[in-house]
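The values are calculated or read from the model by the stated rules, or taken from the named source; none is laboratory data. Every value quoted in this text rests on a predicted model; they were computed, and no experiment measured them. Neighbour counts are summed over all protein chains in view; Cβ atoms, including those assigned to glycine, are modelled from backbone coordinates with ideal geometry. Side chains included, ligands, DNA and RNA excluded: accessible areas come from the protein's heavy atoms. Shrake-Rupley method; radii C 1.70, N 1.55, O 1.52, S 1.80 Å.
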Amino acid sequence: MAKRFYKNFPWLFSLGDAFIIVLSLLLSKVILGSIFNTELSSDVFYLGFLMVWLGVTLFRKDYKLGRTTDYSQTLKQLFGSVLWFVAIISVLWVLFQTYHLSRLYLLINVHMMLILLSVYRVAVHIALKQYRIKGGNYRNAVIIGKGGASNRLAQMLSYRRDFGINFLGYFDDAFTCMETKGKVSDFFDQAEQMELDLIYINENLEADKIKQIINYADDKCIKVKIIPDKSLQLEKNLSFSKYGDFLVINVNDIPLDHVVNRFAKRAFDIIFSSLVIVFILSWLIPLVGLLIKLESKGPIFFIQERNGENNRVFRCLKFRSMTPNDYADTQQAVKDDPRVTTIGALLRSTSLDEMPQFINVLFGEMSIVGPRPHTVPMNQTFKQSIEKYNTRHKIKPGITGLAQVKGYRGEIEMPYQIRSRVRLDYFYIQNWSIWLDLSIVVKTVHELMFNRENAY
């Protein structure tokens, strides 16, 4: 085992980080001088920037690139470190009254850092995976207790060589195969020669044997992980709650249950919706309102009750695109719907009828990205016939969503369409990240520009 790797990698990683920071500082200075024709008054801040960044990354342990995590987790960790860096630099900037330091320089440098460090850290992540595939930076592991989820884990470790976990075999009293090293009691005789780093224990093993193995592992400084039974092998990220000395597993925890994630999503919603309201809706509402009034009698806005987070009913805003009718809540719009007005057809084909929902977002009733809300009657119908339909209401509904950018928008003609929407909404809720939201927003813009097939 290459124990030396664990000692040297953090320093090599930090050295690479330091080089990238210096490069970003120099490039920012060049950009400031050549494009904006402004000079940085002093270079003494280079060292300060570098020390603050290294302090933040070492404190947050950015060098610990998880064996089983993907690149999005690496970028998420980087984004958090950059936020900490900006916060500390801002405080120091005020405390030491360094107002002669250009704000533009700080802004350029932060953007340069994000770009260069993102490339660097993803490259390091890829290099580490390739190194592990070739047999480096590995950890020796055994599984105690065969059968069920243990077999799936062994197959995964054999298939995913990039995890760098060298599976040596099973210890089990009942099952035997080519990979079985012996009975559970034989483990204690062989473990010393196997130079183990990890022990995976099937949770169905007897409690006294589990305790004995854990005591042995503690004495030998070997990490132990419990393999949950197949009933817990769900498509979820499990988390834990601690009540004093007692631990319980949260089997249906979602990313947006955590306050930091909720704050990040809400901050994005407020900033985005505020910009749209100030720069677009401020002139769009009077213009569209005038066109609607000129064509037909009735209100400018169509206000409809829909189910939101935790099934709470809210009043969803849209530009009115139909003549007033009694079937708006129960009958979906279809192609060449006679209820749709001329200006309404234009609004619906461009999705401009949905624009007032940014006001719902600002008021906290909706989000920019999330499951699309349905009318209350439709909601009751789908809830009774579609499995896991009600899980869509764990979070706020969105103006756009994963299902919409995957092509499931507009009229629901066939049962598979609503089932597919629910599956995609469920995936989004379980795997939410700010990066996923940003990618959906970008894809939504692309869909609005190039794919209007189901907009009517």
Greater than 31 Å apart at Cα, pairs in Lys265/Lys318; Lys297/Lys406; Lys64/Lys220; Lys29/Lys76; Lys61/Lys265; Lys134/Lys223: Lys297/Lys406
In square angstrom, rounded to the nearest 10, how much accessible surface does Val260 have for a 1.4 Å probe? 110
Evaluated at 20 °C with a viscosity of 1.002 mPa s, what Stokes-Einstein diffusion coefficient in µm²/s does segment 280-324 have when Rh comes from the Kirkwood expression over alpha-carbon pairs? 182
Among beta bridges that DSSP assigns inside the chain, antiparallel share in %, nearest 5: 40
Using the heavy atoms of the protein chains alone and a 1.4 angstrom probe, what is the accessible area of segment 189-321 per residue in square angstrom? 63
How much accessible area does Arg152 have with a 1.4 Å probe, in Å² rounded to the nearest 10? 140
Directionally averaged shadow of segment 376-419, computed from the convex hull of its alpha-carbon atoms, nm²: 3.4
In this structure, the FRET efficiency calculated for Gln384 and Asn151 from their beta-carbon separation, with R0 = 25 Å, to the nearest 0.05, is 0.05
Calculated FRET value between Lys220 and Asn250, using beta carbons and R₀ = 45 Å, to 0.05: 0.90
Would you list Cys316, Cys221 from the most to the least accessible area, probe 1.4 Å? Cys221, Cys316
Separation of the Leu47 and Leu116 label points, Cα + 7 Å toward Cβ, nm: 1.9
Relative contact order in percent for the chain (Cα pairs under 8 Å, 6+ apart) equals 10
For labels at Ala123 and Ser239 in the simple 7 Å Cα→Cβ model, what's the distance in nm? 3.5
Sorted largest first, extent of segment 127-264 alpha carbons per principal axis (Å): 50, 41, 28
Give the share of C-alpha pairs in each 10 angstrom bin for segment 346-398, from 0 to the last occupied bin, in whole percents, shortest bins first. 22, 44, 30, 4
Express in % the proportion of alpha carbon pairs of the chain at distances exceeding 37 Å. 47
State, to one decimal in nm, how far the label point of Arg262 lies from the label point of Leu275, with both points 7 Å from Cα in the Cβ direction. 2.6
Solvent-accessible surface (1.4 angstrom probe) belonging to Glu447, in square angstrom, nearest 10: 40
Based on the alpha-carbon gyration tensor of segment 85-182, what equivalent-ellipsoid semi-axes (square roots of 5 times the eigenvalues) come out, in whole Å, largest first? 51, 15, 10
Tell me the carbon and sulfur percent of the accessible area for the chain, rounded to whole percent, probe radius 1.4 Å. 62
At least 30 Å along the helix axis (C-alpha) and Kyte average at least 0.0, DSSP helices within the chain: 3-34, 71-95, 103-133
